[in-house]
Amino acid sequence: MKKLVIIGAVIVLLFAVILVLQNQSNSDKLANNPYDTDNLQQPTIDLLDDKNYQNIILPADLETKIESGEGVFGYMFSPTCSHCKAFTPKLMPIAEELDIQIDQLNVLEYENAWTTYNIKATPTLIYFENGEEVNRLVGNADEATLRQFFASVQ
């Protein structure tokens with residue numbers, strides 16, 4: 001019986017240590033996050049140090065850019081979306097190669113974006129110009145389709 005209590009205590013202690021380490025890791029990641037809050041969902045926290053998700057924009061900032069009339073690429077993604085996880089590593093290197101700024105809006109954290117931009121699925125890449133939507137690409141497109149999309153709006 002003593003052995004069971006000791007084993008149980010060790011297991012509880014291990015879980016406590018894991019929890020503390022996870023919380024410390026999250027705190028470190030949240031220190032300089034680009035969101036307007038530290039109250040983020042775990043899938044978002046997990047992406048904070050991912051090189052493909054470093055162009056995060058807040059909804060108000062995206063709206064300001066769109067309203068300015070300049071050409072804006074808004075990328076609506078969710079960190080829980082498997083298609084986004086497959087598409088973003090294709091999108092960002094091509095955008096960098098073509099010197100295109102991609103503003104990334106996390107629809108998991110900012111759910112109003114679904115209705116604001118009439119998002120039906122993620123990923124969704126939208127090009128705005130003169131305050132209006134010009135073109136939209138939905139889904140995990142291949143590289144050729146993505147390049148064609150960029151060429152059609154440039």
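The values are calculated or read from the model by the stated rules, or taken from the named source; none is laboratory data. Because the structure is predicted, anything quoted here is derived from the model rather than measured. Neighbour counts are summed over all protein chains in view; Cβ atoms, including those assigned to glycine, are modelled from backbone coordinates with ideal geometry. To get the accessible areas, we keep the full protein, side chains included, count just its heavy atoms, and leave off ligands, DNA and RNA. Shrake-Rupley method; radii C 1.70, N 1.55, O 1.52, S 1.80 Å.
Numbers at a glance
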{"read-out": "Subset of segment 44-57 [under 9 Å from the mean Cα position of the chain (by Cα) and closer than 13 Å to Cys84 by Cβ]", "value": "Thr44, Leu47, Asn52, Tyr53"}
{"read-out": "Flag if Phe150 is closer than 20 Å to Leu48 by Cβ and either surrounded by fewer than 15 Cβ atoms within 10 Å (Cβ to Cβ) or at pLDDT 95 or above (or both)", "value": "no"}
{"read-out": "Filtered residue count, segment 66-82, keeping only those that are surrounded by fewer than 19 Cβ atoms within 10 Å (Cβ to Cβ) and farther than 18 Å from Thr122 by Cα", "value": "5"}
{"read-out": "Pairs with Cβ under 6 Å, 6+ apart, first in segment 87-100 and under 14 Å from Tyr75 (Cα atoms), second aliphatic (A, V, I, L, M) and surrounded by 15 or more Cβ atoms within 10 Å (Cβ to Cβ)", "value": "Ile94/Leu146; Ala95/Ile102"}
{"read-out": "First in segment 37-57 and open to solvent by 20 Å² or more (accessible area, probe 1.4 Å) and modelled with pLDDT under 95, second anywhere and part of a helix (DSSP H, G or I) and among the hydroxyl-bearing types (Ser, Thr, Tyr), Cβ under 6 Å, 6 or more apart", "value": "Leu47/Tyr53"}
{"read-out": "In segment 83-118, residue nearest to Asn33 (Cα to Cα) [restricted to those that are of a type in the set (Asp, Glu) and surrounded by 16 or more Cβ atoms within 10 Å (Cβ to Cβ)]", "value": "Glu109"}
{"read-out": "Residues of segment 119-133 satisfying the condition of being open to solvent by less than 90 Å² (accessible area, probe 1.4 Å) and farther than 13 Å from Tyr75 by Cα", "value": "Glu129, Gly131"}
{"read-out": "Failed condition for Asn33, given (1) assigned to a loop (DSSP other than H, G, I, E, B); (2) at pLDDT 90 or above", "value": "(2)"}
